[in-house]
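Here the structure is laid out as structure tokens; the discussion comes afterwards.
The values are calculated or read from the model by the stated rules, or taken from the named source; none is laboratory data. No experiment lies behind these values; they were computed from the predicted model shown. So basically every Cβ, Gly included, is an ideal-geometry build from the backbone, and we count neighbours across all protein chains shown. Calculation scope for accessible area: heavy atoms of the full protein, side chains included, ligands and nucleic acids excluded. Shrake-Rupley method; radii C 1.70, N 1.55, O 1.52, S 1.80 Å.
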Amino acid sequence: MNLAELGEAFRSARMAADLTQQQVAEMSGVARGRISMFETGALPEIGAVKMLSLFDAVGLELIARRPGHQRTLDDVLAEPAEAGDIPTRQRVRKRSARGPKATKRQP
């Protein structure tokens, strides 16, 4: 992921959290103008401490992994479901070979 893509992800998370750039600036200590440039891909670089502060303000985390690392099940489950998708988290109950368990009825 490059800096412009990180900025896009940050902007999406900020908007989903219903926060303005000014609110995030106050929460993170990063100037609103830099936040705007980060979101639009116009910022040539941003320090790690500032980026982590911005991500923390909108509920994102930065994860380091080796290049070429495949997505994990946690990555897939964390992705938002698209319209028409099957819900990502469903419990599946195994039926026993004898069928469903009989329940006692109370009189």
Taking the stretch 37-55 as the search range and keeping residues that are in contact with a helix residue (DSSP H, G or I) (Cβ under 6 Å, 6 or more places away or on another chain) and assigned to a helix (DSSP H, G or I), which one is nearest to ARG11 (Cα to Cα)? GLU39
Filter result for ARG14 (in contact with an Asp or Glu (Cβ under 8 Å, 6 or more places away or on another chain) and not β-branched (Val, Ile, Thr)): yes
Suppose we filter GLY59, GLY29, GLY41, GLY99 for residues that are modelled with pLDDT under 80, on the phi > 0 side of the Ramachandran plot and among the small types (Gly, Ala, Ser); which single one remains? GLY99
Given (1) closer than 24 Å to GLU79 by Cβ; (2) in a helix (DSSP H, G or I), LEU62 misses just (2)
Among the residues of the stretch 51-69, what is the count of those that are farther than 17 Å from MET1 by Cβ and open to solvent by less than 90 Å² (accessible area, probe 1.4 Å)? 3
Taking the stretch 1-50 and keeping only residues that are among the hydroxyl-bearing types (Ser, Thr, Tyr) and open to solvent by less than 50 Å² (accessible area, probe 1.4 Å), one is left with SER28, SER36
Of all residues in the stretch 1-22, which are over 24 Å from ARG65 (Cβ atoms) and without any contact (Cβ under 8 Å) to a residue 12 or more places away in the chain? MET15, ASP18, THR20, GLN22
